[in-house]
Amino acid sequence: MVDPAHARVLLVGAGGLGSPAALQLAAAGVGTLALADPDAVDLSNLQRQVLHRTRDVGRPKVESARDRLAALAPAARIDARPIRLAAADAAQAFAGFDVVIDGSDNFATKYALNAASLASGVPWIFGGILRFAGQLMTVLPRRSACYRCLFRDPPPPGCVASCAEAGVLGAVAGVIGSLQALEALKLLRGAPALATDRLLLYDALAGTLRTLRVRRSPECPDCGRFS
Ligand SMILES: [Zn+2]
């Protein structure tokens, strides 16, 4: 169990998912929040990226995020990293953190986060959003089903549309990002019933939250060798 005031959380992405997650974690009193994002604030993203304001357009997202989070939680340590986490150094970047929150918008980063989690032993909380739907799963490396137990191989390039191409309802990002923050807080406090070995599927149009059982696979290319 980790006291949130002494907890260290890494958020990969300060966009649609990272925004609500970071705000909730800062408001909850998490001591250290690191944010990694190479992009600048864009006006077209502000419907879901609620960390940033219209006057921040053009600024690095991590700087805008740092200012907003510091205003909300002055005691928190905000570590702004204007970088894209590369697969080669992701495991190193995980070191020293209690949990990592996935706010990335591409499959390559999600597979890199999964591998880094298994290499470092640091849990991560996967999140995905598109149009009116969202999904989430918490991965306790070497203990629960991992992202590749669920999605063995990345989809072919161009097969799945991105948020930039297909759009996403901003409030859906708010739901999933807040659920990721909730999972992180539960994990830090040692609470039972995390979203492990199951995928949470939120359908905003149908108004449903479903659970899909996920089994840890002995043939998983990432975690199978730790069985
Ligand atoms: Zn696996």
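Miscellaneous remarks
- What the phi angles of the range 81-93 give under the Karplus curve with 6.51, -1.76 and 1.60, with θ = phi - 60°, is a coupling list of 10, x, 10, 8, 5, 8, 4, 5, 10, 5, 4, 5, 5 Hz, glycine and proline written as x.
- Averaging 1/r over every pair of different alpha carbons in the range 1-110 and inverting the result gives a Kirkwood radius of 13.8 Å.
- Square roots of five times the Cα gyration tensor eigenvalues for the range 23-64, Å: 20, 12, 8
- Kirkwood-type radius of the range 143-204, with distances r between different C-alpha atoms, in Å: 14.1 Å
- Local charge for His52 was computed over the other residues whose Cβ lies under 14 Å away, with Lys and Arg +1 and Asp and Glu -1, and equals +1.
- Estimated purely from DSSP H runs of n ≥ 4, each contributing -39500 (n - 2.57), the mean residue ellipticity at 222 nm for the chain is -9500 deg cm²/dmol once divided by its residues.
- Antiparallel DSSP beta bridges within the chain, percent to nearest 5: 50 percent
- P(r) tail for the range 106-159: Cα pairs beyond 14 Å make up 54% of the total.
- Separation in nanometres of the label points that stand 7 Å from Cα toward Cβ, at Arg210 and Ser44: 3.2 nm
- Whole-Å distance, taken between Cα centres, linking the range 199-219 and the range 27-96: 28 Å
- Taking the square roots of 5 times each eigenvalue of the Cα gyration tensor of the range 1-51, largest first, gives ellipsoid semi-axes of 23, 11, 6 Å.
- GNM result for the chain, Cα springs below 10 Å: residue of Arg48, Arg81, Arg59 fluctuating most strongly: Arg59
- Those residues of the range 151-193 whose amide nitrogen sits under 18 Å from the label point placed on Asp203, 7 Å along Cα→Cβ: 169, 172-173, 176
- Net charge, Pro4 excluded, C-beta distance under 12 Å - Lys, Arg +1, Asp, Glu -1: +1
- Under conditions of 37 °C and 0.692 mPa s, the range 4-226 yields 190 µm² s⁻¹ as its translational diffusion coefficient, taking Rh as the Kirkwood radius over Cα pairs in the Stokes-Einstein equation.
Throughout, read-outs are computed from the coordinates displayed, never taken from laboratory work. All of these numbers come straight from a predicted model, not from anything done at the bench. Cβ coordinates were reconstructed from backbone atoms using ideal geometry, including for glycine residues, and neighbour counts include every protein chain displayed.
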